Structures are given as structure tokens and as C-alpha cells.
Amino acid sequence: MFENLNGTVALVTGASSGIGEATAKALADAGANVALVARRRDRLDQVGAEIMAKGGSAFAVDADITSQDAATRTVDAIIKHFGRLDTVVNNAGVMLIGPFADAPDGEWDRMIDVNVRGVLYITRAALPHLVKAAEDGPRQVADIVTISSTAGRVARAGTAVYNVTKFGVVAFTEALRQELQPKRVRVSVVEPGTVGTDLASHTREELRASVRAHASSIETLEPADIANAVSYIVTQPRRVAVNEMLVRAAAQTW
């Protein structure tokens, strides 16, 4: 059984491309009003226009959520615009891989800032509104979904700090799930395998070719595949909580 999201509001970070864009569109198709959050305003406006052209409702906020003040202002702006918040999808992330000892200055900090701090800041700012939505909203439930990775389950050479961030958000999700379960705020994590996005473009230039070759050796997932997983989670009836979902490409062995 799936429920529509009519009358609800969903916030999606990293909504300017890839999984975030696909998820925002999927949630809009399910009836949600969608708040699009990312740094690239031009892309957010384009995604928003595509949603509205199909009869949906979208509101774009360009923000750097690695700043706690910016994350708080972002949530405040969404509440001011829509009046409520029912779903948060923490999707923004970067993958900067390569040998640990060779990492350029600032690379670890960037991953920790986006993949961990951004999740914490947006979640913290959104929580009071999600609790309120679960109390008096149309569905009597709210959702937090964080996009992790298979790198949050399996550590591999060359991905040490990326593993730190993704294992970390998996642990955060489980602890927060236990805290919020009595309040009917469901907390979930989705762990995608190899997806055909521009995530590899963040990698050091000298490593990009090998990363792309690795991905091209199989038929990768599409962003819509992960968007479908998120939609499945948040459209479940109030009595159902899907806390963890691992989605690998069918040909992926790692």
C-alpha cells in the first residue's frame, strides 16, 4: 500500500542534479510540495520549473548547508514559504577518493562538512517542524531519509575518509531512529551502489579516469532508481517504518 503526499512538504538537499533532482521530482509526482536546496541557483530554478510545468509546487533555496546558520535559515525560509515541513531527504554529498596519505589539504574537511555536518545541521533545524507534522499533519507521520552509500557498509582501499562519513551517517540514522520513534518521526537510510551521476567529477583529476572506468565496467543504477527507493519509504502507511534500504546495481559485486 502506498499513500500520496498531498498537503505535505518535502525538503531535498543536493536537489540541483543526480539523485537529489530525481528524488525531488518523484516526491512532487507523489503530491508533495518540494523545497529544493543546493548551491547552484540556476539548476535549482530549472528543476523547479520542470516540477511546476507538470502541475507540482516547488520552492528553491540556494544555500551552503555546511554552515549551521545557513542550514537554519534555509529551513526557516521553507517554513515561511510553505508553512510546514513533513519530509527531509539529506542527499547532498561529495565523494573525494584516493590514497589517504596523498589527500590534498582540505579534502577530508570538505567531505566531513558536506556528508556529515550538512546532514546534522539540516536535521537539527528541521526536527521541531517534523515533530509537529507528525502530531498534527495530514498523515500523522514525518520522515527523515539520509542517502548514504555501499561505502557505509563496506570499506575499501582508497576510500578511507569517505567511509568515515558514510559509516557515520548510518550510525547517526540508527541512533536518531531510536530517539524519534515515540514521536512518529521515521528515520531511514538508503545505501546506493554505483549510480550514474556526476559524483565522480568531484574526485581528484588524476583519479577521475580510473573511477569512471570502474563504473563503466557495469550497468550502473540511474538516479531515478534511488528516487524510487526514497518514494517507497516515505509513502508507506504510518504503521510501517523502512529503516534501511541497500540498493546495488545488479551487476555490482562490491
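The values are calculated or read from the model by the stated rules, or taken from the named source; none is laboratory data. The structure presented is a predicted model; accordingly, all values stated were derived computationally and were not measured. Note: ideal-geometry Cβ built from the backbone for every residue, glycine included; neighbour counts use all protein chains shown.
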**Request:** Please report, ordered by residue number, the helices (runs of 4 or more DSSP H) entirely within the stretch 136-254 with at least 3 residues that are surrounded by 15 or more Cβ atoms within 10 Å (Cβ to Cβ) and at pLDDT below 90.
**Result:** 205-216
**Item:** Condition met for D76 (surrounded by fewer than 24 Cβ atoms within 10 Å (Cβ to Cβ), closer than 15 Å to A10 by Cα and touching a Lys or Arg at 6+ places or on another chain (Cβ under 8 Å))
**Value:** no
**Prompt:** Has the stretch 79-90 got at least one residue that is in a loop (DSSP other than H, G, I, E, B) and out of contact with any strand residue (DSSP E or B) (no Cβ under 6 Å at 6 or more places or on another chain)?
**Reply:** yes
**Message:** Give all pairs with beta carbons closer than 6 Å in which a residue from the stretch 1-20 that is on the phi < 0 side of the Ramachandran plot and part of a helix (DSSP H, G or I) meets a residue that is modelled with pLDDT of 95 or more and surrounded by 18 or more Cβ atoms within 10 Å (Cβ to Cβ); count only pairs at least 6 apart in sequence or on separate chains.
**Reply:** I19/N91; I19/P223; I19/I226; G20/V12; G20/G14; G20/N91
**Fill in**
For the stretch 152-178, the count of residues that are under 20 Å from G98 (Cβ atoms), under 15 Å from the mean Cα position of the chain (by Cα) and in contact (Cβ under 8 Å) with a residue 40 or more places away in the chain equals 3
